[in-house]
1. Determine if segment 351-360 includes at least one residue that is away from ligand 2 (no atom under 16 Å from the Cβ) and either farther than 26 Å from ARG302 by Cβ or at pLDDT 95 or above (or both).
2. Could you please find all residues in segment 293-323 being in a loop (DSSP other than H, G, I, E, B) and in contact with a Pro (Cβ under 7 Å, 6 or more places away or on another chain)?
3. Filter segment 168-183 for residues that are surrounded by fewer than 19 Cβ atoms within 10 Å (Cβ to Cβ) and away from ligand 2 (no atom under 14 Å from the Cβ) and give the result.
4. Considering only residues that are within 20 Å of ARG56 (Cβ to Cβ) and out of contact with any helix residue (DSSP H, G or I) (no Cβ under 8 Å at 6 or more places or on another chain), which ones fall in segment 350-365?
5. For the condition farther than 20 Å from PRO171 by Cα, in contact with a helix residue (DSSP H, G or I) (Cβ under 9 Å, 6 or more places away or on another chain) and without any contact (Cβ under 8 Å) to a residue 40 or more places away in the chain, what is the one hit in SER345, SER283, SER295, SER314?
6. Tally up the residues in segment 15-72 that are within 16 Å of ligand 2 (Cβ to nearest atom), among the charged types (D, E, K, R) and either over 21 Å from PHE96 (Cα atoms) or in contact with a strand residue (DSSP E or B) (Cβ under 7 Å, 6 or more places away or on another chain) (or both), please.
7. Among the numbered conditions (1) farther than 29 Å from LYS421 by Cα; (2) more than 22 Å from the chain's Cα centre (by Cα); (3) within 16 Å of ligand 2 (Cβ to nearest atom); (4) assigned to a loop (DSSP other than H, G, I, E, B), tell me where GLU326 comes up short.
8. Checking PRO355 against (1) in a strand (DSSP E or B); (2) surrounded by fewer than 18 Cβ atoms within 10 Å (Cβ to Cβ), which test does it fail?
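The values are calculated or read from the model by the stated rules, or taken from the named source; none is laboratory data. Please read these numbers as outputs of a predicted model, since none were measured by experiment. Neighbour counts are summed over all protein chains in view; Cβ atoms, including those assigned to glycine, are modelled from backbone coordinates with ideal geometry.
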Amino acid sequence: MTRKFYIETHGCQMNVHDSEKAASVLQGLGYEPSTEPSAADLVVLNTCMVREKAARKVYSRINEIKRRTPDAAHQKRDRLFAVMGCVAQAEAARIFDKCSDVRLVLGTQSIGSFPSLLEQVDQGFPRAIDVRLSKHADFLDISPAERTRPHVAFITITEGCNKFCSFCIVPFTRGRERSRSPQTIVDEARGLCQAGYREVHLLGQNVNSYGLSGNYGARGEAGQRGDEITFAELLARVATESGIERIKYTTSYPRDFTRDIVKVMDEHPNLCEWVHLPAQSGSDRILRAMRRGYSRKDYNERIDWIKSAKKDISITGDIIVGFPGETEDDFNETLSLVAEVGYDSLYIFKYSPRPRTPAASYTDSVPEEKKTERFLKLDELQSRIQLERYARLVGRDVEVLVEGLSIRSDNDHMGHTRCNKVINFPKCDSKMGDIIRVKVEEARPHSLYGRVV
Ligand code: 5AD
Ligand code: SF4
């Protein structure tokens with residue numbers, strides 16, 4: 001009987017894409033995908049470590065899956081639990097101690113080790129683990145069949161991070177920054193276009209530093225040291241050479257965000273009007289403690305470049321509240337920054353200390369209630385701003401990629417605008433994957449509503 005796998009993904013886009021890669025590897029081994037953990041012989045949890053809450057979830061999820069699955073359904077067959085992603089990287093073999101059901105642990109650069117690890121277990125080893133990190137880790141290829149959104153594809157352009165922001169665990173879980181060669185990226189985008197994809201997202205922890213680390217990671221790739229190009233140049237190449245109609249990218253980093261990125265966005269119609277540029281805080285004092293390497297003034301300068309573009313570019317961001325030592329004054333600076341920028345959407349996080357990071361040893365912590373109070377206050381401000389930002393689109397025609405049924409109503413379809421907002425509209429003749437024009441009629445808190453024109 002064919003063996004089945006189930007993958008559950010927590011965390012960021014990078015993880016979503018890693019799950020696609022894992023699915024691709026497992027299908028290559030003859031496994032079939034399953035949407036039900038109870039029907040699977042191999043249950044894979046792809047985990048996130050960025051915040052404490054997300055990390056704790058792994059163990060509770062495994063127990064939950066076990067509890068929900070009728071014993072008889074899986075006891076005959078030997079069901080395997082595998083943990084991959086950032087928690088796997090950070091906790092490594094400790095996962096086996098914390099949860100005896102887990103038999104496979106794969107770090108962030110070890111998705112390609114699935115075959116050998118599964119073989120070890122097949123041969124009777126109770127556990128198998130690979131959490132090696134290398135400066136030259138290969139970038140895995142993926143077959144289109146495993147992509148989770150039928151008309152939108154993710155393309156990794158950089159992996160890892162060299163920034164070491166004082167709160168962040170990513171440099172420890174995803175290793176040093178590596179860039180994929182420009183030719184491989186362009187080829188992948190072109191292949192996706194030929195396979196019918198309409199939109200690609202170029203992914204990396206810090207896409208703007210593309211090529212800067214001088215470290216083209218994958219062995220045997222076309223590009224080698226010496227032919228590094230900047231992120232702006234990469235964008236231009238993908239825009240002109242791939243044929244893809246909509247190109248988005250995430251995540252940007254203020255210190256490495258250059259003016260020519262905006263210029264290139266203006267020059268190429270297929271570069272979409274969206275920049276995700278996390279500020280993390282509006283206070284210079286806190287930005288220094290976070291080791292972000294830019295001031296509020298520097299950040300605002302980048303926002304001004306984006307706002308003065310010919311295109312009407314949406315700006316989204318991330319903010320951490322309650323970083324150690326954050327005073328009421330610091331927090332007020334964050335409120336004023338958020339009001340000044342006018343984000344189209346904002347991810348707000350309560351600070352949580354992460355193992356091995358410098359900030360974890362900072363003492364003057366903000367009490368939990370204070371963090372919650374600040375979170376709510378900022379969230380309320382952002383909700384007001386967001387509604388205004390969305391309302392300004394009412395009456396306008398926007399370009400929408402039709403992606404599926406609306407979550408709320410079977411009578412509606414949903415898609416994303418070029419500026420990455422969700423928009424719902426009554427079902428029409430258009431097919432999934434069509435790019436259509438929709439007139440915005442209503443602004444809702446997290447989405448738009450419109451009618452096809
Ligand atoms: N505590 C809270 N939020 C964090 N982030 C990263 N590390 C932490 C942490 N220790 C947030 C940042 C980052 C986003 C992906 O997660 O805002 O941009
Ligand atoms: Fe983490 Fe900073 Fe790197 Fe972003 S830039 S992944 S916040 S260390």
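1. no
2. Of the residues in segment 293-323, the ones in a loop (DSSP other than H, G, I, E, B) are 293-295, 308-313, 322-323.
Answer for segment 293-323, where residues must be in a loop (DSSP other than H, G, I, E, B) and in contact with a Pro (Cβ under 7 Å, 6 or more places away or on another chain): just TYR294.
3. GLN183
4. Correct list: ALA360, SER365.
5. Result: SER295 is the single residue among SER345, SER283, SER295, SER314 that is farther than 20 Å from PRO171 by Cα, in contact with a helix residue (DSSP H, G or I) (Cβ under 9 Å, 6 or more places away or on another chain) and without any contact (Cβ under 8 Å) to a residue 40 or more places away in the chain.
6. Of the residues in that region, 2 qualify.
7. Of everything listed in (1) farther than 29 Å from LYS421 by Cα; (2) more than 22 Å from the chain's Cα centre (by Cα); (3) within 16 Å of ligand 2 (Cβ to nearest atom); (4) assigned to a loop (DSSP other than H, G, I, E, B), GLU326 misses just condition (3).
8. Result: PRO355 passes all but (1).
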